[in-house]
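Just so it is clear, none of the values below were taken in a lab; they were calculated from the coordinates. None of the values given here were measured: they were computed from a predicted structure. Glycine also receives a Cβ, built like all others from the backbone with ideal geometry; neighbour counts cover every protein chain displayed.
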Amino acid sequence: MKKNFKVIIDKPVIKPLVALLLMVGVMSVLSGNFATTDNFFNVLRQVSVNLCISVGMTMVILTGGIDLSVGSILALSGAVAAGLSKNGFSFPAADLYVGFTFWGCILAALLIGAALGAFNGWMITRFKVPPFVATLAMLTIARGLTMLYTKGFPITGLGESFSFLGTGWFLGVPMPVWVALLIVAFFAFFMLKTRTGRYIYAIGGNKKASLLSGIKVNKIILWVYTLAGILSAVAGLMVTARLDSAQPNAGSGYELDSIAAVVIGGTSLSGGKGSIAGTVVGALIIGVLNNGLVLLNVSPFWQQVIKGFVILGAVILDKVSPGKSEN
Amino acid sequence: MYESDPEILLEARHISKQFPGVLALNDVGFKVYAGKVNAIVGENGAGKSTLMNILSGVYSDYQGEVLLCGRPVSFSGTADAQRQGIAMIHQELNLVPYLSIAQNIFLGREPLNALGLIDFPQMKRDTVDLLERLHFDESPEKLVIDLRPGQQQIVEIAKALSLQAKVLIMDEPTSSLSEKEAGILFRLIRELTENGVGVVYITHKMNEISLLADYVTVLRDGCFIEACPMEQTSVDELVRKMVGRERKDFFIKRQHRLGECLLAVKDLCLRDPLREGKYRLKDISFEVYAGQVLGIYGLMGAGRTELMEALFGLYGKQVEGRVFVKGRQVKFNNTNAAVAEGLALIPEDRKTEGLVLDMSIEQNTTLASLKNFLKHGLLSFKKERATVEEMRSKLEIKSYSGLQLASQLSGGNQQKVVLSKWLLTKPGIVLLDEPTRGIDIHSKNEIYKLMDDLAGQGMALVVVSSELPEIMAVSDKIICLCEGRLSGRFERDEFSEEALLKAALPDKA
Ligand SMILES: Nc1ncnc2c1ncn2[C@@H]1O[C@H](COP(=O)(O)OP(=O)(O)OP(=O)(O)O)[C@@H](O)[C@H]1O
Ligand SMILES: [Mg+2]
């Protein structure tokens, strides 16, 4: 067990981790409101949505791909869950009406996420569409579908269970944080201890060699995009539950925060190198930054500028290693 | 040292180089004489490539001194070294796959016209000249990705030539060349030395040493062992010094009892995906029995690698014909199916096809047989470690730990990792594409013995090799390929270099 732990907290994570701790230190000094229990959970709750998405994104990027459609999938699955919960599913022509329980809504949202993610994977493996293009297309497709489904209006008033998922507490920890924690733990373990996890690294490291080792490369890639879709749907449920409403434009731009978290966490965009642990640190860095800058009353415009520089700084820090000269 | 010693162009003094976990070079000295072929020999992992990387500016952190024409220098990078007249042909190919031959050769040094734009006609002319010197018959506009490794190697050589360096370092340049091309390269080397160029030549092929070398330096385990003019030593003595012990008997093949027919191929054809109606392989048939080694000989581009890959399911439905494993007809539509039927493929290019370079030795070794390392459905690191440690010592993979990254291994040791990966799948049929390329003599013999053992255990082996002595030593029978067709079959008592070469050469009509 101890050994496993050492492998999870591998060396490349150290640098971003130090950066995170530094940042927490600085924020605590600068703002009296930062280092409070309330704010601690506040940050975690804000981070949990990005974390869910970023776990999927990490796997996608480890295979050497990218997923730009996470924000749109988040919106559509959130909207579908909200819509089903409130209005059910009716099909007047056949005089059909199906009501959905809370769990039914959750399942439907996850299925939507899985289906859209699988579609991404199918395009990429079957038709050799580059991941950037395939998921860019899905970004607008799923956003359009969300608009169609919601007719452009928020769906509000979702009831008890949803609000517990979004704003409830369990054992002193907010529910969304529990969900993110479980997902992170599960997938960190998955990447480390399962064959599929190992194959994901191998494919990103060298596709041809993986193929020649008898790995079903296409099948794994399909799975990875499907998982990314499912995790976006989870994030969609979290967002919807917290606001007690599904916004048609929910999650737009989330792909950027997620890619940033993955990259800050030391995962290489060319695939094969990186870890979920790194991504957790990356997401926390972004979360702390967002939260701290608000507490310090930095203008939102400056916040974006600063965030950009932090991303650059983190990646440069990660690249600088003594030794080999490059030119 | 000797009165008659020619001018020293480049000298390394007391060089040490530390990698995390290994001292790759330990107080090594080396001289490059003008107009001579200065050879370096040593086993896999002896530190040859590392020393050359220092001399050509790839590594800038090392201890010791480099002198260029007697003056101490320290290169800030390869470009700097090139400016000062030192060029290197690396052991591994370093070309940009989607650029043309000409663009690769002049990458970063493109000739410019009066407007400051790339002078493509000039570039093309220069490339044609270079390729002509190498008797290489390809259009300068062809993309590098469409070339076979041997051809890519020639492009590397052309690139180094175009630098018109004073010191030209060649790290195993012939490892993927055919004999004919190697001959052309040797003539070129003579031409260069006559013009005063100092050539540094690294190889594991001892016949090349006796043919080419004027001076030899022996390295062993990162230490300097000896340097002397070639006429004062012999190949046997060199090998003894490289290995540090008496050379073991040369490999002698044993005869194994043949079992059932493990692999039968009937009229195999491979459609050319680029040209409708054309075939890259046509009507290939052969059988291999348990305990037998089938050699496949042919010139570069004859379709040997394609044949291996087609058998391994890499081309899916482009393959026609019938394949039988143990008498049962099989269809390999993907590599996974081939592995499941007990096939293993040790590919031609270990860096791009054999290994995941960013993974450890351990993870590479178990990659094709991960299902054997599960405990309750999860990977057991303990099992992995135990098995890999066993392979590491059995194949003498030189490394400081199983956690070392594959990218940090010397070329020969990388090949051993690929071999151990496939041995762990307990295959019934092993396809080996140039299995000993870049492997030192000692390990080569080990690999031959290993192959022999595998045959003894009842496996069927199919070996592709461009080296005639090698293929004749290890095979029970040989088939020759020429331009995608079967051009000869030989039983062991019919083997001769002339006959094999004749069958491999296309008819000059
Ligand atoms: N980047 C690296 N990081 C760590 N160790 C390295 C690295 N490159 C080489 N080594 C180690 O240094 C030693 C010397 O390697 P080198 O590549 O110079 O051997 P070589 O003599 O060229 O062998 P070969 O004949 O197999 O090519 C080996 O033990 C190798 O594992
Ligand atoms: Mg080498």
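Observations, loosely collected:
- Under 5 Å, built H, 5+ apart or other chain: amide partners of B:K477: B:V293, B:G295
- ³J(HN,Hα), Karplus 6.51/-1.76/1.60, whole Hz, each residue of segment A:20-34, x for Gly, Pro: 4, 4, 4, 5, 4, x, 4, 4, 4, 6, 6, 10, x, 8, 6
- Dipole of segment B:1-108 [Lys/Arg +1, Asp/Glu -1 at C-beta], most positive-end residue of B:L23, B:Q63, B:Q91: B:Q91
- Here the average projected area of the convex hull drawn through the C-alpha atoms of segment A:152-296 stands at 10.9 nm².
- In this structure, the residue pairs whose Cα-Cα separation is over 22 Å, taken from B:K394/B:K421; A:K15/B:K375; A:K15/B:K421; A:K208/B:K421; A:K128/A:K216; B:K371/B:K421, are A:K15/B:K375; A:K15/B:K421.
- Here the Karplus relation 6.51 cos²θ - 1.76 cosθ + 1.60, evaluated at θ = phi - 60°, turns the backbone of segment B:155-169 into coupling constants of 5, 4, 5, 4, 4, 5, 4, 5, 7, 6, 7, 7, 10, 10, 9 Hz, with x for every Gly and Pro.
- Magnitude of the charge dipole, segment B:356-399, Cβ model with Lys/Arg +1 and Asp/Glu -1, debye to 20: 180 debye
- Of all lysines in the structure, those lying under 18 Å Cα to Cα from B:K282, and not within fewer than 8 positions of it along the same chain, are B:K266, B:K317, B:K331.
- Positive-end ranking of A:L74, B:Q292, B:A79 along the dipole of the protein assembly as shown, with charges on Cβ about the Cα centre, is headed by A:L74.
- Each Lys and Arg Cβ is given +1 and each Asp and Glu Cβ -1; about its Cα centre, the protein assembly as shown then shows a dipole of about 2600 debye.
- Farthest positive-ward along the protein assembly as shown dipole, Cα basis, beta-carbon charges - from A:A142, B:L468, A:S161: A:S161
- Within-14-Å neighbourhood charge of B:I478 [Cβ basis; K, R +1; D, E -1]: -3
- Environment charge at B:T305 (Cβ cut-off 11 Å; Lys +1, Arg +1, Asp -1, Glu -1): -4
- Three-way shape call for segment B:352-426 based on the alpha-carbon gyration tensor, with the a/c threshold at 1.5: prolate
- Equivalent-ellipsoid semi-axes for segment B:162-313 (Cα gyration tensor, √(5λ), whole Å, largest first): 40, 26, 11.
- Kirkwood hydrodynamic radius of segment A:11-319, Cα pairs, Å: 19.9 Å
- Counting only Cβ charges, +1 for Lys and Arg and -1 for Asp and Glu, the dipole size of segment B:154-306 around its Cα centre is about 380 debye.
- Kirkwood-based Rg to Rh ratio, chain B, C-alpha trace: 0.97
- If the convex hull is drawn through the Cα atoms of segment B:8-248, its volume per residue in Å³: 137 Å³
- Spatially close Lys pairs in segment B:8-248, defined by Cα atoms under 14 Å apart and a spacing of eight or more places or different chains, total 6.
- Ellipsoid equivalent to segment A:35-123 - semi-axes via the Cα gyration tensor, in Å: 30, 22, 8
- Helical runs (DSSP H, four residues minimum) scored at -39500 (n - 2.57) apiece and divided by the length of chain A put the mean residue ellipticity at 222 nm at -24000 deg cm²/dmol.
- All Cα-Cα separations within the protein assembly as shown were binned at 20 Å from zero, giving a P(r) of 14, 40, 33, 13, 1, 0, each value a whole percent of the pairs.
- Amide hydrogen neighbours beyond the local backbone of B:L431, cut-off 5 Å, H modeled: B:A344, B:L345, B:I346, B:V462
- The amide H of B:L263, built 1.01 Å from its N in the peptide plane, has B:V288, B:K326 as neighbours under 5 Å, considering only residues 5 or more places off or on other chains.
- Over 16 Å [Cα-Cα, segment B:393-451], rounded percent: 41 percent
- Within the shell of other residues whose beta carbon sits under 14 angstrom from the beta carbon of A:G71, the net charge comes to -2, with Lys and Arg scored +1 and Asp and Glu -1.
- J(HN,Hα) series, segment A:198-208, from Karplus relation 6.51 cos²θ - 1.76 cosθ + 1.60, nearest Hz, glycine and proline x: 4, 4, 4, 4, 5, 5, x, x, 6, 5, 5
- Per-selection Rg to Rh, segment B:376-509 - Cα, Kirkwood hydrodynamic radius: 1.06
- Of the trypsin sites (Lys or Arg not before Pro) found in segment B:102-144, those that fall in a DSSP loop while having at most 15 other beta-carbon atoms within 10 Å are B:R109, B:K142.
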